[in-house]
1. Where in the stretch 8-37 does the amide nitrogen come within less than 14 Å of the point 7 Å from the Cα of residue 65, taken along Cα to Cβ?
2. I'd like the trypsin sites (Lys or Arg not before Pro) in the stretch 1-34 restricted to DSSP loop residues with at most 10 other Cβ atoms within 10 Å, sorted by number.
3. Per DSSP helix of 4 or more residues, -39500 (n - 2.57); summed, then divided by the residues of the chain. What does that give at 222 nm, rounded to the nearest 500?
4. With a Cα-only, solvent-free Debye model of the stretch 131-194, what are the log10 I(q)/I(0) values at q = 0.12, 0.19, 0.22 Å⁻¹?
5. Exposure proxy check: 154, 39 ranked by fewest other beta carbons within 10 Å?
6. Explain nothing, just compute: Karplus ³J(HN,Hα) = 6.51 cos²θ - 1.76 cosθ + 1.60, θ = phi - 60°, for every residue of the stretch 105-120 in order, whole Hz, x for Gly and Pro.
7. Using the reciprocal of the averaged 1/r over all distinct C-alpha pairs, how large is the Kirkwood radius of the stretch 34-87 in Å?
8. Tilt of helix 76-99 relative to the longest C-alpha principal axis of the chain, in degrees (0 to 90, nearest 10)?
Amino acid sequence: MMIVGLTGGIGSGKSTVGNMFKKLGVPVYNSDKQAKKLMDSSKKIHNKIIDLLGEQSYVDGKLNRAYIADKVFGNKELLTSLNAIVHPAVRKHFLKWATKQNHPYVIQETALLFENGSRDNYDKVILVTAPIKIRIQRVVERDNSSKNGVLARMKNQLDDDLKIEKSDFVIENIDWEKTSEKVAEINSALLEYC
């Protein structure tokens, strides 16, 4: 089974593209959603996050996302330490999930594919891009975030130009119809590789 990475900067529309692949019958694993579930459900991760960021990391047993975001997005060392706790657990969970899928290829949607040095874990990589102005607008509307908050999160991600060089496919996600056409085209190409 071929393993495909789906990545892109915050607000690029990775999840939108992931949902388009799902509609074509492709199993898609959303790393961000699964990471949140694992941070809530895994006692081991729970304890490590409290050791790293303090008791306020959880409120009534649930991850205090606002507190954690506030702590890590301005502090590269803390963000790296948090990622070192969460990313290996997500990868292990993904690999277990992938073995249960019955399709020529699976997709792992993950924001920090290049940033965490995991490019070699994938047979092919799809990068979703969009102009920064559009990405900021999407995130501000989606998360009710401030523009500065979004920019702080963007600083932890590589520029698209660097990611394009390392990707097998690039989808510029501005126009829904064109994006949908590109997804269908990439799906056909991936099925040929399998």
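1. Answer for the stretch 8-37: 11, 31-37.
2. Values: sites: 14, 22, 23, 33; in loops: none.
Here no loop site has a sparse enough neighbourhood.
3. Working: 9 runs with 108 residues, N = 194.
Dividing the helical sum by the residues of the chain leaves -17500 deg cm²/dmol.
4. With no solvent term, the Cα-only Debye profile gives -0.44, -0.89, -1.01.
5. If I rank by nearby Cβ atoms, fewest first, I get 154, 39.
6. 8, 10, 10, 10, 7, 8, 5, 10, 4, 7, 4, 9, x, 9, 3, 5
7. 10.9 Å
8. The angle comes out at about 50 degrees.
Coordinate-derived values only; no laboratory data. These figures come from a predicted structure and were not determined experimentally. With ideal geometry, Cβ positions are generated from the backbone for all residues, glycine too; neighbour counts draw on all protein chains shown.
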